[in-house]
Amino acid sequence: MDTLKVALLGCGNVGSQVARILLEDADDLAARVGAKLELAGIAVRNVDAPRDVELPRELFTTDAETLVKDKDIVIELLGGIEPARSLILRAIDSGATVVTGNKALIATNGQQLYAKAHEAGVRLAYEAAVAGAIPILRPIRESLSGDRITRVLGIVNGTTNYILDQMDSTGAQFADALKAAQDLGYAEADPTADIEGLDAAAKGAILASLSFHTDFNLDDVYCEGITKVTADDIAAAKDAQLVIKLLAIAEKLIAEDGTEGISVRVHPTLLPRTHPLAAVHGAFNAVFVEADNAGQLMFYGQGAGGAPTASAVLGDVVSAARALVAGGPWRVEATKRQIAALPLSAVTTSYCIGLDVADQPGVLAKIAQIFATHGVSIETMRQTIHTETAAAGEKPAAELRIVTHRGPESALAATVADIRALDVVNSVISVLRVEGV
Ligand SMILES: NC(=O)C1=CN([C@@H]2O[C@H](COP(=O)(O)OP(=O)(O)OC[C@H]3O[C@@H](n4cnc5c(N)ncnc54)[C@H](O)[C@@H]3O)[C@@H](O)[C@H]2O)C=CC1
Ligand SMILES: N[C@@H](CC=O)C(=O)O
Ligand code: NA
């Protein structure tokens, strides 16, 4: 039986699990591939660092540049842009197939990397980069390649879903829930990428690129994270039978003149508690795909964590290894489309606006007038008088939560700006978009 040499870059949460599976399941993997997968080395920063998984010390090296040379498959699980990018280019130059889980790199440098891989006639696979263990990229790229995708809507970041879910179900504080997500191996090395939405945005760019056969990158994605979501927002959502989820949305919009454009956006979103995505708890992810002929599909599973992500990496490794054994060229898309990325202002959505207002006659009329001016119609309005927080002799504050009908994002944003300027409005507590109602 032939042997394929595999190099692993990085031995953190995911890398250590990939190494474990390659070693523990070597016989099974060889049977599935038709060749042995020999783990030739693991590039690390410190050979003697403590690790979750016990691995033979002789596999470790700090010389990643040498390790990537003359291998059949290079698995990159370092994270970040450099040196991951240079090492992948080096691996491609020396004829290796590359498997990576690095969405930040694919969403910023993907086009250069695909072009190099294509030129060199090698594969570049990255199923682990989006929604961890969930098979989502291959189904979009292959199973749905005969259909026309119109919309993708997903919970694609495990860390933020875990934080929001903990805040919603146990009343946990943001910082405690984040710390737990880090301890469980869900968060990025710098968790800012998770909580500010950038990780989900990178995944959104990848999903949009494959779904709409056009190159999109991180700059094409509107991105808002969850750092401004408060316990009060979560409690107010709960009262209204809603839940807050960080969604990545990629959808095709058609202008009046028939021109197609793609909106890709990530933001906290209110969903009815009966919506299927509301039932996605903990670090689980789920991706809804809508296509012209298939209709609605939903993909669900573990979106983060060492072993689940390693499962997706191994799937790509086995698939690439089989192709190496079988020989023949790598088939990529014959021609790409070039559909424009649309700004957020082109989107139609609905808002839930939280306002702290003076409790006096005429307030509602002033607010309603602004909605009317911008042609935005109100679906529900709910007022709570906070007597519990009012100082003796002072008028209690009134909190309004207004949910609008769907309207152009530009009109909704202009409405909020004008409301903010009203003298009877003490503050705009929150503005959240609503889907699925
Ligand atoms: N943890 C997760 O749930 C998921 C992670 N990913 C992606 O997989 C990749 C790895 O993620 P994790 O394993 O969680 O990260 P990690 O931070 O646990 O592991 C990365 C390892 O690479 C090492 N490293 C970084 N630069 C190095 C260098 N120049 N030379 C040698 N070693 C170096 C670090 O010391 C660390 O041990 C990232 O791209 C991440 O975005 C993708 C899906 C899920
Ligand atoms: N940090 C990411 C890891 C998986 O991609 C997440 O929380 O989803
Ligand atoms: Na995946």
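Note on the range 137-302: antiparallel DSSP beta bridges, both residues inside, total approximately 95 percent of the bridges counted. Shape of the range 239-356 from its Cα gyration tensor (a ≥ b ≥ c, root eigenvalues): rounded if a/c is under 1.5, otherwise prolate when a/b > b/c, or oblate? Oblate, since a/c reaches 1.5 and b/c is not below a/b. Short-range pairs are left out: with C-alpha atoms under 8 Å and at least six residues apart, the relative contact order of the range 77-173 is 22 percent. With θ taken as phi - 60° and the Karplus curve 6.51 cos²θ - 1.76 cosθ + 1.60 applied, the whole-hertz 3J(HN,Hα) list for the range 71-82 is 10, 7, 9, 10, 9, 9, 9, 8, x, x, 8, 10 Hz, x standing for glycine and proline. Could you work out how far helix 13-24 tilts from the main Cα principal axis of the chain, as a 0 to 90 degree angle to the nearest 10? Orientation of helix 13-24: about 40 degrees from the principal axis. Between helix 174-183 and the chain there is an angle of about 10 degrees, using the helix long axis and the longest principal axis of the Cα atoms.
Within the range 19-167, all pairs of alpha-carbon atoms sorted by distance into 5 Å bins from zero give the percentages 2, 8, 14, 17, 20, 17, 12, 6, 3, 1, 0. The DSSP beta bridges internal to the chain are antiparallel in roughly 70% of cases. Full extension of the chain between Glu256 and Val318 yields a length gain of 17.7 nm, computed as 0.36 nm times the residue separation minus the alpha carbon distance. Karplus-derived 3J(HN,Hα) values for the range 52-60, using 6.51 cos²θ - 1.76 cosθ + 1.60 with θ = phi - 60°, are 5, 10, 7, 9, x, 4, 5, 6, 7 Hz; glycine and proline are entered as x. Taking the empirical scaling 2.2 N^0.38 Å for compact globular proteins as reference, the range 137-302 has a Cα radius of gyration ratio of 1.04.
With 17 Å as the cut-off, how large is the P(r) tail for the range 216-271, expressed as percent of Cα-Cα pairs? Result: 51 percent of Cα pairs exceed 17 Å. The amide H of Thr269, built 1.01 Å from its N in the peptide plane, has Lys245, Leu246, Leu247 as neighbours under 5 Å, considering only residues 5 or more places off or on other chains. A protection proxy built from the mean count of other Cβ atoms within 10 Å ranks the segments 222-231, 131-140, most packed first, as 131-140, 222-231. Using C-alpha pairs under 8 Å with a sequence gap of at least 6, the mean separation divided by the residue count of the chain gives a relative contact order of 16 percent. Pairs over the 23 Å Cα-Cα cut-off, from the set Lys238/Lys366; Lys116/Lys252; Lys245/Lys366; Lys36/Lys69: Lys238/Lys366; Lys116/Lys252; Lys245/Lys366.
Look at where the Cα atoms of the range 336-378 and of the range 62-92 average out, and the two centres are 48 Å apart. Checking the a/c ratio against 1.5 first, then a/b against b/c, what shape does the Cα gyration tensor give for the range 257-319? Oblate, since a/c reaches 1.5 and b/c is not below a/b.
The separation of the range 103-149 from the range 160-231, counted between C-alpha centres, amounts to 20 Å. For Thr349, the residues 5 or more places off, or on other chains, whose built amide H falls under 5 Å of its own are Gly407, Glu409.
Counting every alpha-carbon pair across the range 347-434, the share separated by more than 14 Å comes to 62%.
Peptides 272-279, 300-307, 117-124 ranked from most to least packed by the mean count of surrounding Cβ atoms within 10 Å: 300-307, 117-124, 272-279.
Under 5 Å between amide hydrogens, built in the peptide plane, is the criterion, and for Arg148 it picks out Asp292, Asn293, Ala294 among residues at least 5 positions away or on other chains. On the principal axes of its alpha carbon atoms, the chain extends 83, 53, 33 Å, with the longest extent given first. With a/c under 1.5 counting as rounded, go ahead and sort the range 30-94 into rounded, prolate or oblate using the C-alpha gyration tensor (a ≥ b ≥ c being the square roots of the eigenvalues; past the cut-off, prolate if a/b is larger than b/c, else oblate). In terms of gyration-tensor shape, oblate.
Remark: the range 190-198, residue by residue, has Karplus-estimated 3J(HN,Hα) of 10, x, 4, 4, 6, 6, 8, x, 5 Hz, where x stands for each Gly or Pro and the curve is 6.51 cos²θ - 1.76 cosθ + 1.60 at θ = phi - 60°.
Listed peptides 107-115, 37-45 appear in the order 37-45, 107-115 once ranked by packing, highest mean of other Cβ atoms within 10 Å at the front. For the range 137-302, relative contact order (Cα pairs under 8 Å, six or more residues apart, normalised by length) works out to 32 percent. Helical content of the chain, expressed as a calculated mean residue ellipticity at 222 nm, amounts to -10500 deg cm²/dmol (DSSP H runs of 4 or more residues, -39,500 (n - 2.57) each, divided by residue number, nearest 500).
Farthest toward the positive end of the dipole of the chain, out of Ile226, Gly282, Leu8, is the Cα of Leu8, where the dipole comes from beta carbon charges about the Cα centre.
Taking the Cα centre of the range 347-434 as origin and assigning +1 to Lys and Arg Cβ atoms and -1 to Asp and Glu Cβ atoms, the resulting dipole is close to 240 debye.
The residue among Met381, Pro361, Ala26 whose Cα reaches farthest toward the positive pole of the charge dipole of the chain, with charges on the beta-carbon of Lys, Arg, Asp and Glu, is Ala26.
All of the numbers you see were taken from the coordinates with simple rules; none came from a lab. No experiment lies behind these values; they were computed from the predicted model shown. Reconstructed Cβ throughout: ideal geometry from the backbone, glycine too, with neighbour counts over all protein chains shown.
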